[in-house]
Amino acid sequence: MKRGGAASLALALILPLASCASGGEKPRVLESYSGAKLAELRSLAAKEPSRALEVLASLMLSGTTPSSLEPAAGWRAFYSELTAALAERHAAELARGDLGAALSSWRSLAALASDPGLRDALPPGAASLVAGGAATGRVLELELAESKWKAGMKAPALAEASRILLDGQGGPEGATAESAAARETWLGRALEAGDGNLAEGLASQGSPVAGTPSAPKSLELAPEAVSVLASGVYTIRVDRGIKIEQGLGTPDRVLGSGFAVDDQGHIVTNYHVIASEVDPAWEGYSRVTVKPADDPDARIPARVIGWDPLLDLALLKADLPPHHAFAISGAASVLQGSRIYAIGTPAGLESTITSGIVSALGRKLLGWGEVIQVDAPLNPGNSGGPLVDAEGSVVGVVFAGMPEYQGLSFAIPRAWLARDLPALFEGGRIDHPWLGLLLADPPKGREGLEVVYRHPLVPDTLAVGDRILAMDGQALGRVLDLETLLLDRKPGELVSLRVRGPGGDRLVIRALGSRPEKPLENAIENDSHEHLLSPLLGLRVIKLPPSALSWENYSILAVRPGSIGDEAGLSEGDPLALRSLELKKKEGFALLQILVKKRKAGFLESIIQLPVNLDIPDFL
């Protein structure tokens, strides 16, 4: 069995494996912590302390001792030892000025402190760090934004400050005199940077300050403003050498758009535009240059600073001070039907501006988050350019040319870019955290995000059918809420989840793993077909005995509304035989062939072939 993901080391050390089943089934890990031994856990803690703390917290929350030969006092002593080490690490990170790491270690301690029993078992040094609650976290976050501002990274600093002071993540504990002073400080900085969105948002929380810009009332972008905005938009050109097809060589070029986000030459674009620059699988030549609107003959070399394949975002750096820099902070205000404008280089035509309206919000096309659907003429080459509103403020990053949605255009919302921007400035590939769960929004009248599938290599502290009500005290009404919170977290951090299951509400402590590049592909390679029918087709099934025609016979227990199985007309009670499941990695989909007797069709037997995109949303 292939093993992968951040949880695999923990499972290999302390968990047994299931035996292989017949009929092409893969083994499934038995993810119970009840067999853990203290010596094994100490070995795990030397490599992955957060995983060890997850196991300890789970055992302490359940009130069980894994072995009568190892008294509970020994486990509690080890918990105290590990949390004391975490508090010492936090202090060391603060001392060397690594505020991002210090915030991460503080969040892990705060997650443990969310349960009274776990909090009481903390040593004094660790307990004092989390005594201030969420307000302490806000102070650390503001210090991190402050350090970025002083280092000259104004765009990510303003984006961080906007999230902290405008999004209200700190709760009522954040409404302090210190927060009011911070709002005044960042209001002045927003005015200094010409960030009207952030300045207006901060001013609305307190007394207006002289010089704060007011929002224009016009629904149309003033013509004289177009040239100013266009001066901050660039053509991104990736030269990939010569492509040989049928013995003939043709230039291999990728054209896209990008826009300046500060006065230091940092440019935002789509990841897919510059992928060959950083993709380790790319073996050919690749060189990226940018071309300003006022100098069409220029080819200014650029380098990729940070990239995020999941959100399709990238940050470039060029020796090119912009004529105009776009502000990314501030609260998003785009609505369905709002007038929008796109600036970019469709088909190589620089400084093209097109207009339209927001057709829809909340489309789930990427593996994470939601995108904006727009009704505006956009073409390949527009990808990476800004989508702006009637005030000239960025509301999204255009990505164009999706073959399966011919004639439709989309944009990544500004809110996602703002949260991703600090990590893009840190450099390198962004490593997103994950829980290993496929989740669904609650139906009307119910609470919590439903767990519809669990990756086979993550612990079973959460089970299919559980509902996640909150993370670290933040209520979760939609999957989008959890995605938003996880964007600010890093792999290895501990989080607390309030979960509702058959036995009532409970607290679960989880260590965030590193998200696989293709979670569903990873699951297919590690899980049994019986379990995979849930993420692939939205089916909950029970296995039936094999027949002469098929080893894999099932009966459908439930069909998730809106799933591929639902769209194919499958329903509860239908007998189903899985004839084949083929993974098409290069094409990006899985191909299933099933033999089914649909109840809705009078149980007439039919063979159905269903392709499933591997980039399914809501696999967090």
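What follows draws every value from the coordinates through simple rules; no lab data is involved. Note that this is a predicted model, so its numbers are computed, not measured. Positions of Cβ are backbone-derived with ideal geometry, glycine not excepted, and every protein chain shown enters the neighbour counts.
Laid out as a table, the results:
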quantity	calculated
Simple Cβ-charge dipole of the chain, Lys/Arg +1 and Asp/Glu -1, about Cα centre, in debye nearest 20	1260 debye
Amide H within-cut-off set for residue 492, under 5 Å, with H built and near neighbours excluded	512, 513
Order by protection proxy (mean Cβ within 10 Å, highest first), peptides 515-528, 469-482	515-528, 469-482
Cross-link pairs 364/518; 518/586; 518/584; 148/291; 154/291 - those with Cα-Cα distance over 18 Å	148/291; 154/291
Ranked by how many other beta carbons lie within 10 Å on average, peptides 119-129, 431-441 from highest	431-441, 119-129
Packing rank of 155-162, 321-328, where each peptide gets the mean count of other beta carbons within 10 Å, highest leading	155-162, 321-328
Dipole magnitude (debye, nearest 20) for the stretch 219-430, charges at Cβ of Lys, Arg, Asp, Glu	300 debye
Filtered trypsin sites (Lys or Arg not before Pro), the stretch 560-601: DSSP coil and at most 11 other beta carbons within 10 Å	586
At most 16 other Cβ within 10 Å, DSSP loop - trypsin sites (Lys or Arg not before Pro), the stretch 245-344	299
Answer label for semi-axes √(5λ) of the Cα gyration tensor in Å (calculated), chosen among (1) 41, 35, 22; (2) 42, 31, 23; (3) 33, 31, 25	(1)
Residues 79, 234, sorted so that the one with the fewest Cβ neighbours within 10 Å comes first	79, 234
Whole-number percent relative contact order across the chain, with pairs defined as alpha carbons under 8 Å at least 6 apart	12 percent
Computed Rg/Rh of the stretch 219-430, alpha carbon atoms with Kirkwood Rh	0.95
